[in-house]
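Have a look at the structure below, then the notes.
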Amino acid sequence: MTGHRSGFVTFVGRPNAGTSTLLNRILGEKVSIVSDKPQTTRTQVRGVLTRPDHQIVFVDTPGIHKPRSALGTSLNATAAEASSAVDVVCFVVDATAPYGRGDAYIAATLPADAVVVVTKADLASPEQVLAQLAATSELRAEAWFPVSGRTGEGVEALLDHLVQRLPEGPQLYPEEMVTDVPDAVWVAELVREQLLAIVKDELPHSIATRVTELEWPRVRCEILVERESQKAIVIGKRGETLKKVGTAVRRQLREGTFLELFVKVEKNWQRDADAVQRLGY
């Protein structure tokens, strides 16, 4: 396949920098959950963009932050691992948030040929976008792109640059493959996304989800919290919150799926490295 290019690109940045929305826009479908809460992405999510002359394998990572628990430490390690052995590292900066110490910490780890991607350009003023471009202008980077994952602004220009950075090579994944996220992981993530959306500020990030049974059309998913008071929030009055979550998730699954949700208390799981590992984070 002469002239065909393929390789790996990773997104790194602070929590809520907009990487998941950008990845979903690039792929044309949802492969990564989206929320305005920190630590929404907890694992590496691999998405595959296949076109006639190239295939780009994207890795969306957890936002890098100062860890305060075993979970936080694990998320940072996941992000660091994704930045190694890839062809291009994209440093994602939120145009609507001031450039701060967290950004500077990540910037210090970037390779000299990194690409700076300023996201949420549609939500920011032109002055804010320019301010982020100026703040990152002295970084070790090869190119800068303001983009919007929501509207698609600037995305094709970014992709054109990334393709030119990839080595010549064959397809790495089948043409029809868009993500390698297993069904069980994806369902658990959809449940967590809807919980974050519905309970909003009432529920801290001491929540985890895991599918314990999956034999289509039957799916059983556990929701883990750290305290009994959090369990009550997740269930809601007369089970209303749990019903809303189940309904929202079923709309995104194949027709006829029977989804069962259960809430379980696992005290202080975020601070237990073994528990974090068991949950796949």
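A few remarks follow.
- Scanning the range 222-240 for residues that are surrounded by fewer than 19 Cβ atoms within 10 Å (Cβ to Cβ) and among the polar types (S, T, N, Q) yields a count of 1.
- Note on the range 112-137: residues that are under 20 Å from His161 (Cα atoms) and loosely packed, with under 14 Cβ neighbours inside 10 Å amount to 3.
- Only one entry of Leu123, Leu158, Leu130 meets the criterion of being assigned to a helix (DSSP H, G or I) and in contact (Cβ under 8 Å) with a residue 24 or more places away in the chain, and that entry is Leu158.
- Number of the condition not met by Pro182 [criteria: (1) within 30 Å of Glu213 (Cβ to Cβ); (2) in contact with a strand residue (DSSP E or B) (Cβ under 6 Å, 6 or more places away or on another chain)]: (2)
So that you can scan it fast, the table gives a plain yes or no per residue for (1) more than 24 Å from Asn24 (Cβ to Cβ); (2) outside the structural domain of Gly256 (by TED's automatic domain parsing); (3) touching a residue at least 12 places away in the same chain (Cβ under 8 Å):
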| position | (1), (2), (3) |
| --- | --- |
| Val178 | no, yes, yes |
| Leu195 | no, no, yes |
| Thr212 | yes, no, no |
| Val219 | no, no, yes |
| Lys231 | yes, no, yes |
| Gly239 | yes, no, no |
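- Residue match in the range 173-195 (condition: of a type in the set (Asp, Glu), under 20 Å from the mean Cα position of the chain (by Cα) and crowded, with 17+ Cβ neighbours inside 10 Å): yes
- Residues in the range 40-57 that are modelled with pLDDT under 90 and over 15 Å from Pro182 (Cβ atoms) were compared, and the one that is surrounded by the most Cβ atoms within 10 Å (Cβ to Cβ) is Thr41.
The values are calculated or read from the model by the stated rules, or taken from the named source; none is laboratory data. Worth saying up front: this structure is predicted, and the values here are computed from it rather than measured. In this analysis, Cβ positions are derived from the backbone assuming ideal geometry, glycine residues included, and neighbour counts consider all displayed protein chains.
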